[in-house]
Each structure stands twice: as C-alpha cells, then as structure tokens.
1. Just checking, which of B:Val123, B:Val71 is surrounded by fewer than 21 Cβ atoms within 10 Å (Cβ to Cβ) and within 27 Å of A:Gln71 (Cα to Cα)?
2. Which of the numbered conditions does B:Ile128 fail, given that it passes all the others? Conditions: (1) touching a helix residue (DSSP H, G or I) at 6+ places or on another chain (Cβ under 7 Å); (2) within 19 Å of A:Gln57 (Cβ to Cβ); (3) within 11 Å of another protein chain (Cβ to nearest Cβ).
3. Would you check if A:Ile256 is buried (at least 18 other Cβ atoms within 10 Å of the Cβ), touching a Gly at 6+ places or on another chain (Cβ under 7 Å) and on the phi < 0 side of the Ramachandran plot?
4. When residues of region A:108-153 are filtered for being surrounded by fewer than 16 Cβ atoms within 10 Å (Cβ to Cβ), more than 7 Å from every other protein chain (Cβ to nearest Cβ) and over 25 Å from the mean Cα position of the chain (by Cα), how many remain?
5. So B:Ala89 passes all but one of these: (1) surrounded by fewer than 22 Cβ atoms within 10 Å (Cβ to Cβ); (2) of a type in the set (Gly, Ala, Ser); (3) at pLDDT below 90. Which condition number does it fail?
6. Over 16 Å from the mean Cα position of the chain (by Cα) and in contact (Cβ under 8 Å) with a residue 40 or more places away in the chain: which single residue out of A:Leu310, A:Leu278, A:Leu304 fits that description?
7. Here are B:Ile187, B:Ile242, B:Ile250: which of them is crowded, with 17+ Cβ neighbours inside 10 Å, assigned by TED's automatic domain parsing to the domain that holds B:Val71 and under 15 Å from B:Thr70 (Cβ atoms)?
8. Which helices (runs of 4 or more DSSP H) does region A:209-292 wholly contain that include 2 or more residues that are aromatic (Phe, Trp, Tyr)?
Amino acid sequence: MAHVTRSPVAHAAALAKPEGGLPSTRRRRRPSHWPINLMYLPAVLIMSAFIFYPFIQGIHISFTNWDGYSQQYKMVGLEQYRRLLSDPVVLRTIGNTFIYGCGSTLLQNVLGLAYALFLDQKIRGKGLVRTIVYLPIIISPLIMGYICYFLFQYDGGAANDILHVLGRAPLDWLSNGTAAVWIITLVNTYQYMGISMVIYLAGLQAIPKEYLEAAALDGASGWSRFRQVTVPLLMPAITISVVYNVIGGLKLFDVIIAMTNGGPGNASQSLSTMMYNLYFAREDAGYAAALGNVMFLIITVVGLGLLRYLRRREVQL
Amino acid sequence: MNKRLALLLVIAISLLHIIPFFILVNMSFKSPGDASSKWQTPLYLYLDNFTNAWQSAHLDQALLNSALITVAAVTLVVTVGALASYPLARFPTRWNRVVYTLCISCMIVPALTILVSLYKLVVDINGIDTYWAIVLVHVAFALPLTIFLYTGFLKTIPRELDEAALLDGCNHFTLFVRILLPLLRPITATVIILVGIAIWNDYQFSVFFLQDPNVQTVPVALSGFFSQFQNEIGWVAAGCLISILPAVVIYVFLQRYFVKGLTDGISR
C-alpha cells in the first residue's frame, strides 16, 4: 500500500484457497527446459538476501543480549522472551496494537459498507464522493499524521476551535493516552476506509438485481433483504476487506510516529513503534528482535485465523 | 432514496472528508503573525511559507531522491518480477512449486518485524545512506506481491499462444519478451501503481537506511523538518502541501487507473 506496505492479504488469500498454487497443466519435464528456471534466479537471490536471511538471523538475535552495534554478545536463551512476558509496557503495547488493528478494521468496514450502499444507487455527484474518500490512500501516512496533528494539537488546533465556538474549554487531546490511541485509530480509518468502500462497491455491483427483486416480491423488508441476500453474497468482499484492514492496522507505524511518537510516556505505543524505540533509542537489539518475532506471530495468527474463519463462512452460504 | 436528501448527504460526506486538506491549505498560506483560526481561509497569499519550507527542508533534493529511488525500484521490481513469473507459471514442476510457495509466503513477513537483522545486514554490506541498498530492500519486499500478480495473470493467457510462438522459432526468452510481456500490460500497470505508491510514501525503511540529508526521501526530510521547526507551523504545512502535491495531481488525472489498480491488487 498500500505497500506494498499493506499487502500480505492477497498472498494469504492465495495460500488459503484450495486451488492456490500453480495450475496443474501438462507437466513438461523435458531436460531442455531447466535453463528457463534461471529467469527467477534474480528474484530468489534478492528475496533470500533481504527477507529469508534476516528473518532467520532475527530469530538468532532474539536469543542473545546484543546491543545493536558491538561485536560481542552472548547467548541468553529464552531470557528476552521471559522479559517480554513480565514487562507491563509490552502488555499495554500489545493491547494498543489490537485497538489499532481491530478498531480500525471495525470502523473502516462499517463505514466503508455504509458508503458503498449509499453510492450503489443512482445519485448525482457519487463520482466526486468516491474521488474524495479515496484520495487519502495515495498520501504518505506519515504526512497524514502531521496534517491530523494540526487538527488535534492543543494550541490553535482545529478541533479546539470548534470547542471554543461551542463555549467549551480546550482539550489537550493527544496528552491523554487512551484518547490518543483512539484518535490515531480514527486517522487510520479516515485514511484507508476508501479501500473498503471500493471493495464493497465492486461486490455490490456484482450482485444480480433479480435476487433482491425476488426477495422483495416474497415480502422481505429492506433490512432482511440486506441481512439475508446482500450480506451473504458480499462475504468474499468482506473477507478481503477485513483481513487487509486487520493486517494494516496491526502494523501501524507512521501515523503514530507523526502524532504522538508513542507518547505520552508509552501510552500510545504499538509493537512497531516500540521496536523502533528499543532498537534505536535504547540499544536493546536482542529484546527488539524478540518483540519483532512476537509481532510476526501475532499478525500471522490473527491474519490467517481470520482468513480461514471468514472463508469457511463463504463456503457455507 | 429522496433525491434532495441524497444530494445533501453527498455534500456532507465530501465536506467532512476534505477537512484535513482544507485546514492544510489554510495553514500553508497564512502568515506567522495571523492568529486567526485554522478554519479561516486567509484572504491573502503568504508565499514565504513555501520558499522557507522548500529551502530549509531541502525539498528539491528530497523530491529528486524520492523520484530516483521510486523509479529505480519500480523498474527493477517489474523486470525481475515479470521474468520470474514465467517459469513459475508455465513450468509447475515440484521444485518450482516449492519456489513459488516460498516467494509468496514472504508476503506474511511484515517488514518491521525483521528490522533489527535487516538493519544489521545493511550496515554489514555498507549500504547505509546509499541508493542501491534502499532500492534493493524495496524490491525485495515488493517482489512477493509482484510475482503473485504476474503468475496469476499469466495463468489466464492460453498456452496455445506459447506453443505457436515456439513453433514459429521463438525461444522461451524472446517468446516472453515479445509475445507475453505486451499482453501483461494491464497487470504491469497495477504493479507500477501499487508498488510505486508504497515506495514513494515509504517512511519505515527510509528513516533507518537514509540518515544523511543528501540522500533522504520526502517523508524522511519532512520528519526532520517537522521536529526542527515545530513552531513554524506555516512552514511545516507548506512543506506537507508541496510533498503531497505530485501524488495528488497524478491521482486526479489517472484516478480510474489508481482505484482499479489498487483494488485489483488487493482483491486478487
């Protein structure tokens, strides 16, 4: 996503689909074909060097007390993981990470679906709405964080100006940890809800109108048509949108750095920003590597778990 | 739905979503002495914000660096990824299936989780503050998705085409370059948009690997600028506006491709 920063869903989808993998077309194993495989050599080399090797190295580092720069370090076994479990800041951080992940997913999908349902009708100006809602996606999340910082800053922030007009005292929004976490979640929702909207819009347009008309003829009310016809047929879109948003939210980094830098204290830290702090500010590389592995585990388990759960519901319907 | 109510909703939603940009524009054109609310559009244009931001954030250099890194990485990703997808899609031997699965599994690894060892690696190969290292890192993390999209698309192209071309005297390489690559154009557009946006906006890698101001990309330059001039909010706002402008302009003109490309890339 963005990034490819926000890309693991598609591939996860590929792994989970029973037919994922390669087409089992005629096997051609004539020996003259093997040099063709050289065509993927560059790709495999680059990925081995910058993904596989660091991944394995990271597991190794998490068993050491390396400080990030010196040549000497010693193996400490599971000590770093033991520290993680007894560190209250880490537990709070994991909680925040889940709010960022699940909170934005919930908001993005509910709002995205509502917008899609609204735009799926014959309405003047719907192209404009789509353009505007989609616009933030192409902007760097870091810069989006700065822009929204101006909205919520204490001194002359745009939100406080509204409070002023309403005759209320200004609030220091971002200095309250819980509020900061939710404001960051909102900013992330605002930035990426356009993706959910477009996915749902495409899903809605693929639903044959006859189904809804038939249900209407059978006397189904608007809500039950939505519940019984639209939602089941929308399940594939829901799967994609939910899994994509969860992974994006769990990895959230830039917006936090821009708006609070993890503060006040460590109150709005996510696993990604915490790793960044541990490694570069506190020179605790072994601990940071262990945290990275925990984050990898959380994202994989949550992402793949949700994917399997939602896919199963698709099959049932 | 009632037409008037619908129109009202359209306007309300549009206004609500444009607020951050509206505030940003207001701030960028306001002089430092003007203490009026951020909601108030100034009735004058104070352009010093832009010149100050441009000079003190070194945005010219940063835009150039961003463009250079993005173009280099996207070109490399498309070339290496498209090449790799041909044997993986067309010759699904057991060995190639293993390679494909391994490539695709890389998509699970969120880049940040292996930051510690990745950073160590880049230090060890003297890649800090160099263009080539950041480009290679971007390429590595964009390749899984690229290979996934290309192999998926190649499967939809009939193999009879290959066989006809081979009979006519193409070898596998010329077959791929001359016949298949032109057919892959739609998915190439998707890859360019997806990967291009991600790399242009990247902060999480660039902030670690590009510490020297001479090689910094736009987001990194802005973050340094922001912490240094937090009190000159007009400058910072102008800097933000300048740096989102290229992407916004391209988006407005190529909107159809962006929406389609991004959504296709995710949905596949």
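The values are calculated or read from the model by the stated rules, or taken from the named source; none is laboratory data. Keep in mind that this is a model prediction, so the values were computed, not measured. Heads up, the Cβs are rebuilt from the backbone with ideal geometry, glycines too, and the neighbour counts pull from every protein chain shown.
1. Details: B:Val71 fails: within 27 Å of A:Gln71 (Cα to Cα).
Criteria check complete, one pass: B:Val123.
2. With respect to (1) touching a helix residue (DSSP H, G or I) at 6+ places or on another chain (Cβ under 7 Å); (2) within 19 Å of A:Gln57 (Cβ to Cβ); (3) within 11 Å of another protein chain (Cβ to nearest Cβ), B:Ile128 is out only on (3).
3. Working: buried (at least 18 other Cβ atoms within 10 Å of the Cβ): yes; touching a Gly at 6+ places or on another chain (Cβ under 7 Å): yes; on the phi < 0 side of the Ramachandran plot: yes.
For A:Ile256, the condition - buried (at least 18 other Cβ atoms within 10 Å of the Cβ), touching a Gly at 6+ places or on another chain (Cβ under 7 Å) and on the phi < 0 side of the Ramachandran plot - is met.
4. Qualifying residue count for the region: 2.
5. B:Ala89 satisfies every listed condition except (1).
6. Working: A:Leu278 fails: in contact (Cβ under 8 Å) with a residue 40 or more places away in the chain; A:Leu304 fails: over 16 Å from the mean Cα position of the chain (by Cα).
Testing whether each residue is over 16 Å from the mean Cα position of the chain (by Cα) and in contact (Cβ under 8 Å) with a residue 40 or more places away in the chain leaves just A:Leu310.
7. Values: B:Ile187 fails: under 15 Å from B:Thr70 (Cβ atoms); B:Ile242 fails: under 15 Å from B:Thr70 (Cβ atoms).
Just one listed residue meets the conditions, B:Ile250.
8. Values: elements: A:209-217, A:222-225, A:231-250, A:254-259, A:271-280.
Filter on region A:209-292 gives A:271-280.
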